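Following: one structure in structure tokens, then a few remarks.
The values are calculated or read from the model by the stated rules, or taken from the named source; none is laboratory data. Because the structure is a prediction, the values reported are computed rather than measured. Counting neighbours? That spans all protein chains shown, and the Cβs are built from the backbone with ideal geometry, glycine included. Note: accessible area is taken over every heavy atom of the protein model, side chains too, but ligands, DNA and RNA are not part of it. Shrake-Rupley method; radii C 1.70, N 1.55, O 1.52, S 1.80 Å.
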Amino acid sequence: MKNNRSQDRLNDESPMNSKERVYRALEFQSPDRPPRDLWRLPGVDQSHADEVRDVLKRYPLDFTRPPFQYGKGRLEQGEQNRIGGYTDAWGCGWEVGEDGVIGEVKRPPLADWKALDQWKPPEEILRDADLSQVDEFCDNSEAFTLAGTNVNLFERMQFLRGTENLFMDIGYGVKQFDRLLEILRDYFCRELEMWAKTSVDAIVFFDDWGSQTGMLVAPDWFRTVFKPVYEEFAHIIKKAGKKVFMHSDGCIESILPDIIDIGVDALNAQLFCMDIEKIAKTYKGKLTFWGELDRQKILPFGTPDDVRQAVRRVRSALDDGIGGVIAQMEWGLKVPKQNILAAFEAWEA
């Protein structure tokens with residue numbers, strides 16, 4: 001089901017609800033305030049549920065995620081986000097050193113390329129997915145509904161092959177790399193097409209392309225190999241009348257023009273790894289910056305005043321009242337509640 005109601009909302013003179021607020025931010029149509037969004041690591045909800053409820057009561061979010069259930073992967077074993085090891089639906093073996101975090105892949109199933117001949121992606125995840133409640137939820141929600149997919153093409157290749165192995169494959173140009181890329185491209189396109197049939201307002205895909213100081217790969221290689229696939233992802237989403245959201249960690253300033261070309265409407269990126277003021281001068285009005293605040297230093301270790309100053313820096317560069325910015329941050333295990341409150345308070349000032 002397509003969702004083409006954004007222009008109708010923009011022409012509506014009634015008080016602004018969360019859904020319209022987000023659309024106005026994305027379309028540079030002067031929202032009444034920057035929309036709010038808050039990501040939380042699993043451990044925060046596990047151990048600080050009362051604090052989470054208090055924050056959300058004081059600062060309701062403008063984004064929501066619909067109820068759904070992917071199919072059970074036949075290879076899944078163990079418990080995610082708990083100390084120990086588990087195997088995900090793709091056969092990747094993870095180790096978790098601290099409760100409430102995702103962990104790291106230590107046993108990639110395609111560490112030896114010979115395994116690719118027998119390996120298959122988890123079709124049961126899509127085949128048995130239950131999205132039956134999504135449309136009704138979207139139709140009854142005044143918040144902007146975002147479908148959080150499992151689409152993480154470059155990351156999944158690393159999880160399957162092992163990061164060091166994959167970067168060696170890129171350097172040597174091995175043919176199995178292209179074969180795996182095509183298998184995952186097909187799989188993730190089908191996942192996006194599944195979501196495109198629903199009434200969600202936007203669909204997001206993920207991949208981390210940057211280190212703290214620059215790209216993990218040459219920007220030209222990204223443009224040649226991955227940009228065309230992302231353009232295909234964006235086309236599926238936009239053809240269904242939905243907004244395209246993307247996340248990438250790291251310093252990705254060199255590919256921001258490509259992200260805009262791809263058709264991304266909102267980008268979640270580590271702004272504090274980049275030159276925020278330079279980015280604003282070049283890209284403000286062309287892309288909505290879906291957060292974020294510095295979750296490596298300022299949010300976990302700064303004072304509330306440090307957090308307020310960080311918000312003021314982002315707003316000074318990007319928030320001119322027209323839109324194009326979302327008050328988003330991530331609540332990690334070491335982030336005190338008062339810093340989350342200080343951030344939202346500063347976004348309201």
Flag if residue 265 is touching a strand residue (DSSP E or B) at 6+ places or on another chain (Cβ under 9 Å), modelled with pLDDT of 95 or more and of a type outside the set (A, V, I, L, M):
yes
Within the range 220-242, identify whether any single residue is within 25 Å of residue 171 (Cα to Cα), in contact with a Ser or Thr (Cβ under 6 Å, 6 or more places away or on another chain) and at pLDDT 95 or above, and answer yes or no.
no
Does at least one position in the range 20-27 carry a residue that is assigned to a loop (DSSP other than H, G, I, E, B), closer than 25 Å to residue 321 by Cα and either at pLDDT 95 or above or open to solvent by 40 Å² or more (accessible area, probe 1.4 Å) (or both)?
yes
Please work out which residue is nearest to residue 81 (Cα to Cα), limiting yourself to the range 28-54 and to residues that are assigned to a loop (DSSP other than H, G, I, E, B) and open to solvent by 50 Å² or more (accessible area, probe 1.4 Å).
48
Pull out all pairs, ordered by first then second residue, where Cβ-Cβ is under 7 Å, the residues are six or more apart or on different chains, the first lies in the range 118-136 and is under 23 Å from residue 200 (Cα atoms), and the second is open to solvent by 50 Å² or more (accessible area, probe 1.4 Å) and assigned to a helix (DSSP H, G or I).
126/190
Return the pairs, sorted by first residue and then second, in which the second residue is open to solvent by less than 20 Å² (accessible area, probe 1.4 Å) and part of a loop (DSSP other than H, G, I, E, B), the first residue lies in the range 274-298 and is more than 13 Å from residue 329 (Cβ to Cβ) and among the hydroxyl-bearing types (Ser, Thr, Tyr), the beta carbons are less than 8 Å apart, and the residues are 6+ apart or on different chains.
288/323; 288/324
Flag for residue 65 being basic (Lys, Arg), modelled with pLDDT of 95 or more and closer than 30 Å to residue 324 by Cβ:
yes
Among (1) over 22 Å from residue 203 (Cα atoms); (2) surrounded by fewer than 14 Cβ atoms within 10 Å (Cβ to Cβ), which single condition is residue 67 missing?
(1)
Within the range 55-101, work out how many residues are of a type in the set (Asp, Glu) and in a strand (DSSP E or B).
1
How do the pairs read when you match residues in the range 175-186 that are farther than 15 Å from residue 228 by Cβ with residues anywhere that are part of a helix (DSSP H, G or I) and of a type in the set (Lys, Arg), using Cβ under 8 Å and keeping only pairs 6 or more apart or on different chains?
180/161
In this structure, is residue 57 at pLDDT 95 or above, among the charged types (D, E, K, R) and loosely packed, with under 13 Cβ neighbours inside 10 Å?
yes
Filtering the range 48-87 down to residues that are in contact with a Gly (Cβ under 7 Å, 6 or more places away or on another chain) and touching a residue at least 40 places away in the same chain (Cβ under 8 Å), which residue is farthest from residue 293 (Cα to Cα)?
75
